[in-house]
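Note sheet for the following structure.
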Amino acid sequence: MNCKECRELFFDYCDDELDISLKEQVTEHIKTCASCQNELAAMSSTMSFFKENMPVITVDTRFTEQVMQKIASAETAIAFTKPMVSIGVILAILTLGMLALIGPAVISLLLLAGNILLGLLSTATVVFSTFPLIQITGSVLLVVLLFLVTFSMRRMVLLDLV
């Protein structure tokens, strides 16, 4: 047995949880290896210190039951979310497919709306720079026009889908 294998068994060796053959192998290795002897001695003294000086905490059975119920409900929630993620992925794929089918129509509508808005903005810029009252009125009209263009584009896209 080498040092690495022996050190991996030190906790079980200190707690006397090794079977007889492994315990004998660790004992034989410790007899011949000063490094493992020192490490085992340090580990044993640390473990005995904790066993003697650390308080023993007892847990109420109700607390244990509550924790187990929370774990069970968390596992149920995870079991519920797995199908939801799959449904979400399927819907995303379907959405991308639909966008690929209607994409050219939507892009042309967006370009048209963009050209309209660009024209409105360039006209509005000239008007806005001249009169403050026209600025406020123009802003309101621009918002209304933007809303109407967006609403009509939405209707056109929905009608194309049907």
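Derivation of every value follows stated rules applied to the coordinates shown; laboratory data play no part. Remember, it's a predicted structure, so these values are computed and weren't measured experimentally. Backbone-built Cβ (ideal geometry, glycine too); neighbour counts: all protein chains shown.
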Near residue 4, which aspartates and glutamates are there with a Cα under 13 Å away, not counting those fewer than 8 places off in the same chain? 39
Calculate one ³J(HN,Hα) per residue across segment 55-69 by plugging θ = phi - 60° into the Karplus curve 6.51 cos²θ - 1.76 cosθ + 1.60, and present them in order as whole Hz with x for glycine and proline. x, 8, 9, 9, 10, 5, 5, 5, 4, 4, 5, 5, 5, 5, 5
Taking 0.36 nm per intervening residue step and subtracting the Cα-Cα distance, what contour gain separates residue 5 from residue 118 on full extension? 33.1 nm
Distance in nm between residue 49 and residue 72 label points, each 7 Å along Cα→Cβ, equals 4.3
Using the Karplus curve 6.51 cos²θ - 1.76 cosθ + 1.60 with θ = phi - 60°, what ³J(HN,Hα) values do you get for each residue of segment 41-53, in whole Hz, with x for Gly and Pro? 5, 5, 5, 5, 5, 5, 5, 5, 4, 5, 5, 7, 10
Show me the trypsin sites (Lys or Arg not before Pro) within segment 19-52 that DSSP assigns to loop and that have at most 15 other Cβ atoms within 10 Å of their Cβ. none
Extension reserve of the residue 142-residue 20 stretch, reckoned as 0.36 nm per residue once the Cα distance is removed: 35.1 nm
What does the extension gain come out to for residue 96 and residue 65, with contour length at 0.36 nm per residue minus their alpha carbon separation? 6.5 nm
